[in-house]
Amino acid sequence: MTKPPSEPIRYAIYTRQSSDGLLDFSSCNAQFATCRDFAQQSGEPTLHWIEQHFDDEGYSGTTLDRPGMRRLRKVIDLGGIDRIYTVALDRLTRNMRDAVVLLDELEKAAVELRLVHQPELTSGPESRFLKHVLAAFSEFERDMIATRIAESRTYLKKHGRRLAGPAQFGYDADPVTKQLVPNRSESRRVRAIFRRAASGQTPAEIARRIDHLGWRTKQWIAQRSGKVAGGGRWTARQVASLLRNPVYLGRFADGEETRPGCHDAIVTPELFDAARQQLGHRRTSGTTTRREYAFPLRGKIICPKCKRPLNTYVITKKQGAKGQYILRYYRCRSTAGGRSPCKGASYPAWEIENFVRRQLANEATWLNLAAFTDSIPAAKSMAAIWQSLDEPTQMRFLPQVVERVEFSRENTVMRITFTNRLTEIVTNCQ
């Protein structure tokens with residue numbers, strides 16, 4: 001719907017870049033300036049910028065779950081803008097399905113999309129078709145990028161290079177090559193930890209001792225948020241993880257095996273093996289063995305108190321003289337950030353998993369995921385297909401369709417994120 005000439009046309013500018021800019025004038029800054037100049041050169045006297053920035057620096061276009069995009073979609077939903085400027089469609093999304101969702105939302109809200117690099121695409125069925133074609137090309141380009149990344153990873157692994165992630169305690173990342181170089185003070189502490197383990201001290205004893213000495217874990221600055229991470233107290237689990245890490249032998253973990261690295265080792269193979277033998281002896285000397293039980297929502301349920309992922313917990317109870325039965329729980333047991341686990345944050349695993357599983361048998365859930373008014377038949381079909389699966393098969397598929405489960409602090413509201421779209425379900429979870 002075209003606005004009367006006398007009414008102002010409220011417009012917003014959206015920008016996105018996949019990696020954080022290292023300079024003050026980042027890619028998002030450049031995109032914004034380009035869009036602003038393009039809008040002003042149109043000569044429309046009623047154009048009015050709403051004076052809000054919608055920038056996503058360091059976010060991938062494979063998902064719509066980005067801060068700037070979330071704020072923009074909220075403004076669209078509230079009817080706060082009439083037009084959006086962005087340099088190209090791939091800045092909005094690199095996912096074909098998400099592009100269809102966005103274009104559908106813009107059409108329903110009567111919001112016009114202007115692409116600086118494709119100014120001929122305005123409105124109408126032809127332009128809409130071409131925008132879908134551009135979205136398909138964006139997704140194709142994303143897949144090509146993923147292929148190139150996989151090839152780069154293969155090359156790096158073949159030549160003993162580090163792939164990604166923060167440097168382990170004892171090392172720093174070289175600013176030029178990005179490869180590991182020993183940190184003098186931290187590497188001395190690594191060797192001291194290995195010597196203590198080789199002498200028979202347990203990880204818990206080592207953690208208490210080095211905590212008393214004032215040693216802290218590796219500290220770094222998060223690229224995306226700029227916040228300082230790490231630097232907390234050592235835990236027994238962190239000490240045990242350090243003692244099992246082959247990086248200190250000049251190697252990298254590669255699945256169940258290890259591969260050679262191009263960085264210098266910090267400990268000798270003899271010291272590493274001695275520490276590992278002590279750990280292995282303690283693990284095998286007990287009379288009980290640890291079993292792994294299936295938790296399809298492992299790592300996806302968030303503690304309502306501390307917002308850390310809940311861990312899994314198993315209780316074995318006897319059932320007369322004939323046997324025993326297992327109780328599974330999702331429970332806050334994390335010590336991440338040096339904080340103690342939250343008291344009372346424990347939930348029966350089967351009840352949560354079964355509740356989430358049942359939501360996928362509802363047509364309303366699939367209709368919400370599709371986000372189209374004409375998708376009722378598809379929603380019915382998907383719900384029917386899900387109902388046709390037996391319970392074990394549904395549980396196996398659950399981790400693939402559920403991304404996040406959150407509770408309110410009162411445990412009365414459950415929020416389930418299915419494939420990047422939020423479905424809020426009110427239920428009594430106590």
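The values are calculated or read from the model by the stated rules, or taken from the named source; none is laboratory data. These figures come from a predicted structure and were not determined experimentally. No Cβ is skipped: glycine too gets one built from the backbone with ideal geometry, and neighbour counts run over all protein chains shown.
So the check is Cβ under 8 Å with 6+ separation or different chains; which pairs have a first residue in region 41-68 that's within 20 Å of Tyr11 (Cβ to Cβ) and a second one that's part of a loop (DSSP other than H, G, I, E, B) and hydrophobic (A, V, I, L, M, F, W, C)?
Filtered contacts from region 41-68: Ile50/Ile81.
Can Thr63 be described as within 29 Å of Asn368 (Cα to Cα), among the hydroxyl-bearing types (Ser, Thr, Tyr), surrounded by fewer than 18 Cβ atoms within 10 Å (Cβ to Cβ) and at pLDDT below 90?
Against the criterion (within 29 Å of Asn368 (Cα to Cα), among the hydroxyl-bearing types (Ser, Thr, Tyr), surrounded by fewer than 18 Cβ atoms within 10 Å (Cβ to Cβ) and at pLDDT below 90), Thr63 qualifies.
Taking the residues in region 382-411 that are in a helix (DSSP H, G or I) and aromatic (Phe, Trp, Tyr) as candidates, determine which candidate is surrounded by the fewest Cβ atoms within 10 Å (Cβ to Cβ). It would help to see each step written out before you state the result.
Looking only at region 382-411, we keep the residues that are in a helix (DSSP H, G or I), and these are 382-388, 391-401.
Next, only the ones that are aromatic (Phe, Trp, Tyr) stay: 386, 397.
Working: Trp386: 20, Phe397: 14.
For region 382-411, the residue satisfying everything is Phe397.
Before we move on, is Leu102 modelled with pLDDT under 85, crowded, with 17+ Cβ neighbours inside 10 Å and not in a loop (DSSP other than H, G, I, E, B)?
Yes: the conditions hold for Leu102.
Give just the number: which of (1) in contact with an Asp or Glu (Cβ under 9 Å, 6 or more places away or on another chain); (2) at pLDDT below 80; (3) not in a helix (DSSP H, G or I) does Ala379 not satisfy?
(3)
Being out of contact with any helix residue (DSSP H, G or I) (no Cβ under 9 Å at 6 or more places or on another chain), modelled with pLDDT under 85, exposed (fewer than 15 other Cβ atoms within 10 Å of the Cβ) and not in a loop (DSSP other than H, G, I, E, B), is that true of even one residue in region 221-228?
So far as region 221-228 goes, yes, one or more of its residues are out of contact with any helix residue (DSSP H, G or I) (no Cβ under 9 Å at 6 or more places or on another chain), modelled with pLDDT under 85, exposed (fewer than 15 other Cβ atoms within 10 Å of the Cβ) and not in a loop (DSSP other than H, G, I, E, B).
Can you name the residue in region 240-268 that is in a strand (DSSP E or B) and surrounded by 17 or more Cβ atoms within 10 Å (Cβ to Cβ) and is also modelled with the lowest pLDDT among such residues?
Phe252
I'm told Thr312 meets every condition in (1) surrounded by 18 or more Cβ atoms within 10 Å (Cβ to Cβ); (2) modelled with pLDDT of 90 or more; (3) of a type in the set (Ser, Thr, Tyr) except one. Can you identify the failing condition by its number?
Looking at each condition in turn, Thr312 falls short on (2).
Which one of the conditions (1) under 18 Å from Pro166 (Cβ atoms); (2) part of a helix (DSSP H, G or I); (3) hydrophobic (A, V, I, L, M, F, W, C) does Ile193 fail to meet, given that it meets all the rest?
(1)
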